[in-house]
Protein chains: 4
Amino acid sequence: MGKVFIQYYSKTGNTRQMADLVAQGATSVEGIDVRMKIVEESTIDDIYWADGIALGTPCHLASVPWEVKKFWDEMVSEGWGKIDGKIGCAFSSSGGLGGGAEITCIELLTIMMNYGFMVFGITDYVAPLRTLHYGAALPGEPRTQAEKDICIRLGQRLAEWVSYYVDGVEENHPSKVPYDRFK
Amino acid sequence: MGKVFIQYYSKTGNTRQMADLVAQGATSVEGIDVRMKIVEESTIDDIYWADGIALGTPCHLASVPWEVKKFWDEMVSEGWGKIDGKIGCAFSSSGGLGGGAEITCIELLTIMMNYGFMVFGITDYVAPLRTLHYGAALPGEPRTQAEKDICIRLGQRLAEWVSYYVDGVEENHPSKVPYDRFK
Amino acid sequence: MGKVFIQYYSKTGNTRQMADLVAQGATSVEGIDVRMKIVEESTIDDIYWADGIALGTPCHLASVPWEVKKFWDEMVSEGWGKIDGKIGCAFSSSGGLGGGAEITCIELLTIMMNYGFMVFGITDYVAPLRTLHYGAALPGEPRTQAEKDICIRLGQRLAEWVSYYVDGVEENHPSKVPYDRFK
Amino acid sequence: MGKVFIQYYSKTGNTRQMADLVAQGATSVEGIDVRMKIVEESTIDDIYWADGIALGTPCHLASVPWEVKKFWDEMVSEGWGKIDGKIGCAFSSSGGLGGGAEITCIELLTIMMNYGFMVFGITDYVAPLRTLHYGAALPGEPRTQAEKDICIRLGQRLAEWVSYYVDGVEENHPSKVPYDRFK
């Protein structure tokens, strides 16, 4: 049974709201075990446990808050080189449109690539002018249904890839899941 | 008299609209000469001419369209190493929020840094949840006034920096210009 | 039988030499079909064919040469949304150390992520002070054995991931392949 | 009199060695006041004081060590929006070639851009196959003369730009300084 771990950090609650929606999306895929924790309560065992990881943080200076970087920096001595090949994706909330949420997603993906993860973005549009090609990147909190769907789709896709690649469930390849990808 | 050049590329007209607004912002600063051209009609002489350059493109695969990259790639043999120290900034329109417009701005800034430019982003919020820390990055066309203001502020700030740093006009340092920077 | 496609571009021959070594590495993994083409002779059918893709270019302005971007830009209308989930990695040769080869690798990975690929870097050191965390990034051509090993390891790892994830060959998970990963 | 501040972080001493050389380069430009501090002993007053800032860190996961991010994150509440227009550049030492030092430089530049800085890279080659287009990015410590020259040139260029743009010393425009830029 594929396992998805959502690790997030949040001060204002915005990224927490995103994490909840990512978890909702992951849970919608049958046969996937979903776990979610804030970074302070998370340990390396959560990373070992997971097949797929969604990592979400606020955007501080277009980059990862130091509190989250500390977790991943300090995990190097024990975990680096032991978790290659896990599947990773990212989400981030910034202070505003154009404030760096996309760049933070790239930064989060880069950190995971350094650990040997396979990371991905999503081609689908969830609504006109709303997509998540490098992860879910939002200004502020998810307010509209489209913004919520961005987060949900991220969790769903991560779970689909885990289901397809780790559990070998052919029908969970995203190309076989019936939603309108490019509306 | 400081000179600002706006080079853009546009297929759908979205980035063209952004360029028009960037030009409007640059023109609002007294004592600045503003020139704007689509990349196909632009030559290296426009780059030599300018003190400050705003470079704008659509976001194609979170990156610069090949038509624009061709201009900058081919300019290397003649211009590289001769235009260091010019001031640069970026703008981009993507297919959607989360589609890569911020990342394209970083890419454009990176290209300009390779030419030795000094590049910048902007701290100001032009409205709640609307900013331009790495350039003006919009989904689609500028529709709301805030989205228009993002583009206008970019051109204005470029002109301010040129006025301050190249022409030595102290009162055009952005910290002395009376607008609400952090609403 | 897993399929690996190496697409490269080269003007001076440096990236071509890297591509040859990447192919050598991929071929070393049993049960993998390897194909290599220069971008001008490549078509979308090569992309459709492949399970894993190593994309390599020289570093032009810390970014993809326009000739390669043209291929991937123009492939959007036919291929985008149809090739999600393929496995991708990158290699690049720059004019010098500090010239942008790493940044070009990130750019290549970003383009592939836009197409929905799962992209990865490699934790292994192939020799002291020589690694490939974001792909094989070299100044000039591969000259020392360590620099050659960087390229070889990239192709090998891509083939290993394809073998493990696509063909389900458990013993090709990199953690089970006997080489010294962290010397 | 233009002021250059070099802020660095170092655990192994590699980045410290780079910082010393950057300081040496900055000091070589007449009329520039140079200050250097490790991040733990640095305060926001150093940032206020400086016209130009060289920021250097080891590469941890292709990114800024959390100890340094903490400094810049926590400076937001007091300093953000008050230091726009300063001139910034970056340097980084990674565990190996291909380990992320270039990407870390981009990350450092991105953080400084978020604060409104004007950031730059350097076109010059200091020796065949040795350059610093996005800052000084080295595997390990600076060992060869070329690697030392990369660091020295970075400090020198920062001081030249400060001298030219802040102090208005025309002859310190890099194009007028007699060194072989493109050997």
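The values are calculated or read from the model by the stated rules, or taken from the named source; none is laboratory data. Fair warning: this is a prediction, and the values are worked out from it, not measured in the lab. Backbone-built Cβ (ideal geometry, glycine too); neighbour counts: all protein chains shown. Accessible surface is based on the protein model in full, side chains and every heavy atom, while ligands, DNA and RNA are left aside. Shrake-Rupley method; radii C 1.70, N 1.55, O 1.52, S 1.80 Å.
Here are a few things to note about the model shown:
- Region D:111-127, residues that are aliphatic (A, V, I, L, M) and either more than 7 Å from every other protein chain (Cβ to nearest Cβ) or out of contact with any strand residue (DSSP E or B) (no Cβ under 7 Å at 6 or more places or on another chain) (or both): D:ILE111, D:MET112, D:VAL126, D:ALA127
- Per this entry, C:LEU108 is counted among residues that are within 30 Å of D:PHE91 (Cα to Cα) and in a helix (DSSP H, G or I).
- Residues of region D:56-80 that are within 20 Å of D:VAL4 (Cα to Cα) and not polar (S, T, N, Q): D:GLY56, D:VAL68, D:PHE71, D:TRP72, D:MET75, D:GLY79, D:TRP80.
- Among residues of region C:39-75 being more than 9 Å from chain B (Cβ to nearest Cβ) and among the aromatic types (Phe, Trp, Tyr), the one that is most open to solvent (accessible area, probe 1.4 Å) is C:TYR48.
- Where A:GLY99 falls short, out of the listed (1) open to solvent by 10 Å² or more (accessible area, probe 1.4 Å); (2) touching a residue at least 24 places away in the same chain (Cβ under 8 Å); (3) within 11 Å of chain B (Cβ to nearest Cβ); (4) in contact with a strand residue (DSSP E or B) (Cβ under 9 Å, 6 or more places away or on another chain): (1)
- Any hit, region B:64-80, residues being touching a helix residue (DSSP H, G or I) at 6+ places or on another chain (Cβ under 7 Å) and within 23 Å of D:TYR164 (Cβ to Cβ): yes
- Residue that is farthest from A:GLU102 (Cα to Cα) [pool: residues in region C:102-125 that are among the aliphatic types (A, V, I, L, M) and open to solvent by 10 Å² or more (accessible area, probe 1.4 Å)]: C:ILE103
- Complete set of residues in region B:4-29 that are open to solvent by 60 Å² or more (accessible area, probe 1.4 Å) and closer than 22 Å to B:VAL68 by Cα: B:LYS11, B:THR12, B:ARG16, B:GLN17, B:ASP20
- In the set (1) over 18 Å from A:GLU107 (Cα atoms); (2) surrounded by fewer than 24 Cβ atoms within 10 Å (Cβ to Cβ), the condition left unmet by C:SER94 is number (2).
- Region C:154-165 - residue that is open to solvent by 10 Å² or more (accessible area, probe 1.4 Å) and within 8 Å of another protein chain (Cβ to nearest Cβ) and, of those, nearest to C:VAL29 (Cα to Cα): C:TYR164
- Looking across region A:166-183 at every residue that is in contact with a strand residue (DSSP E or B) (Cβ under 8 Å, 6 or more places away or on another chain) and open to solvent by 30 Å² or more (accessible area, probe 1.4 Å), the one that is farthest from A:TYR134 (Cα to Cα) is identified as A:ASP167.
- Subset of region D:107-133 (residues that are under 18 Å from B:ASP84 (Cα atoms) and in contact with a Lys or Arg (Cβ under 8 Å, 6 or more places away or on another chain)): D:PHE117, D:MET118, D:PHE120, D:ILE122, D:THR123, D:ASP124, D:TYR125, D:VAL126, D:LEU132
- Odd one out for B:GLY79, checked against (1) open to solvent by 10 Å² or more (accessible area, probe 1.4 Å); (2) more than 14 Å from chain A (Cβ to nearest Cβ): (1)
- Looking at B:ASP45, B:ASP51, just one residue is in contact (Cβ under 8 Å) with a residue 24 or more places away in the chain, acidic (Asp, Glu) and more than 30 Å from A:ASP149 (Cβ to Cβ), and that residue is B:ASP51.
- Residues that are touching a residue at least 40 places away in the same chain (Cβ under 8 Å), more than 7 Å from every other protein chain (Cβ to nearest Cβ) and either of a type in the set (Val, Ile, Thr) or open to solvent by less than 10 Å² (accessible area, probe 1.4 Å) (or both), drawn from region D:128-153: D:GLY135, D:LEU138, D:PRO142, D:CYS151, D:ILE152
- Some residue of region B:84-94 being at the interface with chain A (Cβ under 10 Å from one of its Cβ atoms) and farther than 15 Å from B:VAL22 by Cβ: yes
- Only one of B:ALA54, B:ALA146, B:ALA90 that is among the small types (Gly, Ala, Ser), modelled with pLDDT of 95 or more and in a helix (DSSP H, G or I): B:ALA146
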